[in-house]
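Read through the structure below, which is laid out as structure tokens, and then see the notes.
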Amino acid sequence: MSTTDPTPDSHLLGAADIRELAAAFGVKPTKQRGQNFVIDGNTVRRIVRAADVTEQDAVVEVGPGLGSLTLALLEVARHVTAVEIDPVLAQHLPDTVAGRMPAKADAFDLVFSDAMEVTELPGPAPTALVANLPYNVAVPVLLHMLATFPTIERTLVMVQSEVADRLAAKPGNKVYGVPSVKANWYADVKRAGAIGRNVFWPAPNVDSGLVSLIRREPPKTSASREEVFAVVDAAFAQRRKTLRAALAGWAGSPAAAEQALAAAGIDHKLRGEMLTVEQFAAIAEHKPAKDGTAKDGSAKEQSARYRAAKDETVTDRSAEDETATDRSAEDETAKDSE
């Protein structure tokens, strides 16, 4: 479709190609779907390199749009499966691939679906997720894909810069929150670079960033992922409150939250932004059940120990008071004898 002279990179999409395809398909980028198409071949190749994609990889791409990144991925990967929600884009992308990279047409599959509803993919099991994610759904889509496809070993996503900061934040950072903890359940996360606004059409109003996620084993815990994530959600729903207060609803009461935190070895005066994913998992293991028992049957024992400790403290203080009284009486007797 492009009128430019053929070059070794002619199968990639440039700015003129993107606009030409969009006009031919009647595509008008919408903010609702976060559509900002990459128009620079160097950028998409940079993304592929940063993702460490090799000829052994089966890549899943979410939100391929007109195919800028898709074509760059097909240069290297063994197979690419793209998930697209826009019916017009989904209809035309296979033709774009076949027209520009006919030798790789059989290595490409397209799934017309909302990525949040995808539970299986055609072709080989994906080993990598590489995507320019729509800004308005970036975190939910990322977490869904990581949860649904455990064969994904490496992920590189381009997201809004602020979202990239949140995903890669460490405990104690002011932007550390739910996305940070949940992403760390699946992977080691880090920033992998910045992307300028001028490589998109239309140009977004915000900067973009690359985030790398390398899959690792989740924390060793008897709690399920859902149980751990429930603690995370509760802790950050009121992020300025201490864990004792923030987890009161989750545990049943502030006192029950304090007991669960004590059992997990965590100071109840801390806030959620200071905890690692492993510490959230430890808390989840000690959630009191509705009948007062923990999942391991120890909540009542913990409560009894908690009350016993308080009783011992009171007893010790009473004994100290009695000792003080006895000493006072001895002093009075000594004074009388004088």
Hits in segment 102-116 - residues which are over 23 Å from Asn36 (Cβ atoms) and open to solvent by 30 Å² or more (accessible area, probe 1.4 Å): Pro102, Ala103, Lys104, Ala105, Asp106, Asp109
Those residues of segment 247-292 which are open to solvent by 60 Å² or more (accessible area, probe 1.4 Å) and either polar (S, T, N, Q) or under 12 Å from Val231 (Cα atoms) (or both), in sequence order: Gly249, Glu278, Gln279, Lys287
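Please enumerate the residues belonging to segment 35-53 that are more than 19 Å from Val97 (Cα to Cα) and touching a strand residue (DSSP E or B) at 6+ places or on another chain (Cβ under 9 Å).
Asn36, Arg46, Ala50, Ala51, Asp52, listed by residue number.
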Residue count, segment 209-238 (criterion: open to solvent by 70 Å² or more (accessible area, probe 1.4 Å) and touching an Asp or Glu at 6+ places or on another chain (Cβ under 9 Å)): 4
Among (1) part of a loop (DSSP other than H, G, I, E, B); (2) modelled with pLDDT of 95 or more - the single one Val159 does not satisfy: (1)
Every pair of residues 6+ apart whose Cβ atoms lie under 8 Å, when the first sits in segment 240-255 and is in a loop (DSSP other than H, G, I, E, B) while the second is open to solvent by less than 40 Å² (accessible area, probe 1.4 Å) and of a type in the set (A, V, I, L, M, F, W, C): Leu247/Val231; Leu247/Ala234; Leu247/Ala235; Leu247/Ala257; Leu247/Ala260; Leu247/Leu261; Leu247/Ile283
Per-region count, segment 102-141, residues in a helix (DSSP H, G or I) and closer than 29 Å to Arg166 by Cα: 10
Residue that is within 21 Å of Val175 (Cβ to Cβ), part of a helix (DSSP H, G or I), of a type in the set (D, E, K, R) and in contact (Cβ under 8 Å) with a residue 12 or more places away in the chain, where the choices are Glu273, Glu258, Glu227: Glu273
Positions within segment 76-101 being in a loop (DSSP other than H, G, I, E, B), without any contact (Cβ under 8 Å) to a residue 60 or more places away in the chain and farther than 21 Å from Asn36 by Cβ, in sequence order: Val76, Ala77, Arg78
Lone qualifier among Ala192, Ala164 - being under 30 Å from Ile18 (Cβ atoms), surrounded by fewer than 22 Cβ atoms within 10 Å (Cβ to Cβ) and of a type in the set (A, V, I, L, M, F, W, C): Ala192
Segment 16-70, subset within 22 Å of Phe112 (Cα to Cα), in contact with a Phe, Trp or Tyr (Cβ under 8 Å, 6 or more places away or on another chain) and not β-branched (Val, Ile, Thr), residue surrounded by the most Cβ atoms within 10 Å (Cβ to Cβ): Ser68
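The values are calculated or read from the model by the stated rules, or taken from the named source; none is laboratory data. These numbers were taken from a predicted model, which means no experiment stands behind them. Using ideal geometry, Cβ is built from the backbone for each residue, glycine included, and neighbour counts are taken over all protein chains shown. For accessibility, only protein heavy atoms count, side chains too; no ligands or nucleic acids. Shrake-Rupley method; radii C 1.70, N 1.55, O 1.52, S 1.80 Å.
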